[in-house]
1. Evaluate region 76-86: report whether one residue or more is at negative phi, β-branched (Val, Ile, Thr) and open to solvent by 10 Å² or more (accessible area, probe 1.4 Å).
2. Among the residues of region 13-39, count how many are acidic (Asp, Glu) and more than 16 Å from ligand 2 (Cβ to nearest atom).
3. Tally time: how many residues in region 1-51 are farther than 20 Å from Phe151 by Cβ and of a type outside the set (A, V, I, L, M)?
4. Condition check: assigned to a helix (DSSP H, G or I), within 25 Å of Glu190 (Cβ to Cβ) and within 13 Å of ligand 1 (Cβ to nearest atom). Does Lys76 satisfy that?
5. Quick one: would you say Leu53 is among the aliphatic types (A, V, I, L, M) and open to solvent by 10 Å² or more (accessible area, probe 1.4 Å)?
6. If you check Gly33 against the conditions, is it within 28 Å of Arg125 (Cα to Cα) and among the small types (Gly, Ala, Ser)?
7. Checking the conditions here, which among Val47, Val34, Val13 is within 9 Å of ligand 1 (Cβ to nearest atom) and either in contact with a strand residue (DSSP E or B) (Cβ under 8 Å, 6 or more places away or on another chain) or free of Cβ contacts under 8 Å to residues at least 60 places away in the same chain (or both)?
8. Can you confirm whether Tyr80 is aromatic (Phe, Trp, Tyr), modelled with pLDDT of 95 or more and touching a Ser or Thr at 6+ places or on another chain (Cβ under 9 Å)?
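The values are calculated or read from the model by the stated rules, or taken from the named source; none is laboratory data. Please read all numbers here as calculations on a predicted model, not as lab measurements. Here the Cβ is made from the backbone with ideal geometry for all residues, glycine too, and neighbour counts use every protein chain on show. We work out accessible area using only protein heavy atoms, side chains counted, and drop any ligands, DNA or RNA first. Shrake-Rupley method; radii C 1.70, N 1.55, O 1.52, S 1.80 Å.
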Amino acid sequence: MKYKGIIFDLDGVICFTDHYHYLAWKALADEIGVYFDETINNRLRGVSRMASLEIILERSEKAYTPAEKEQMAEKKNGIYRKLLEKMTPTDLSGEVKETLDALRAAGAKLAIGSSSKNTKLILSRIGLGGYFDAISDGTNITHSKPDPEVFTKAAEFLGLPPQDCLVVEDALAGIDAAVAGGFDGAGLGEAASHPKVTWPLKTFSGLMAIES
Ligand code: B16
Ligand code: MG
């Protein structure tokens, strides 16, 4: 086995909560009269909740106080969490589950490295509560991607140095974070085209080819 540990991003890699993020931000943006679309939403991948709000407010003519911003972020999170209630274990694809099981059977330790503060809720909705050997998420970091903290912590929780771990990401900011932390990175979606990605992937199960 090439890597002793594999650290997976959540949104856009293990499951597809990105559309729910979009719907929740769109509802907030419409309410405050700010233009927002799927292209702007792409810039929010892997970016923390408050940093995402700042990106949305780039198009706002009105300036908001920190307290108002907190309120807006909380409102978005309420809408988002309501949407997460729709998720069930059928939202975990067979391809993802079978690949995770096969990587574990081959001896790899598996961790989550996600910016989301809703990570544990999402994992339990899709039937993966308790599945991972370690979880590093938005609740244990002070700097979000492209800072490597979320992955450095995940490796620490696994008891492995970064050079023994692979990071799997869908966001450009996520691959930047992996590189900054000294990790090899596997990229899905737009992250596959990052100039510094170690392994560009077409599908999640493509991970098996790296590991064999
Ligand atoms: P929350 P990831 C990220 O998840 C999302 O891609 C990003 O859009 C979101 O703003 C961020 O989590 C924070 O999420 O509001 O639930 O704390 O891709 O790092 O798994
Ligand atoms: Mg992601």
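1. yes
2. So the answer is 3.
3. Selection size over region 1-51: 18.
4. So Lys76 passes the test.
5. So Leu53 fails the test.
6. Judged against the criteria, Gly33 is not a match.
7. Of Val47, Val34, Val13, the one residue that is within 9 Å of ligand 1 (Cβ to nearest atom) and either in contact with a strand residue (DSSP E or B) (Cβ under 8 Å, 6 or more places away or on another chain) or free of Cβ contacts under 8 Å to residues at least 60 places away in the same chain (or both) is Val13.
8. It is true that Tyr80 is aromatic (Phe, Trp, Tyr), modelled with pLDDT of 95 or more and touching a Ser or Thr at 6+ places or on another chain (Cβ under 9 Å).
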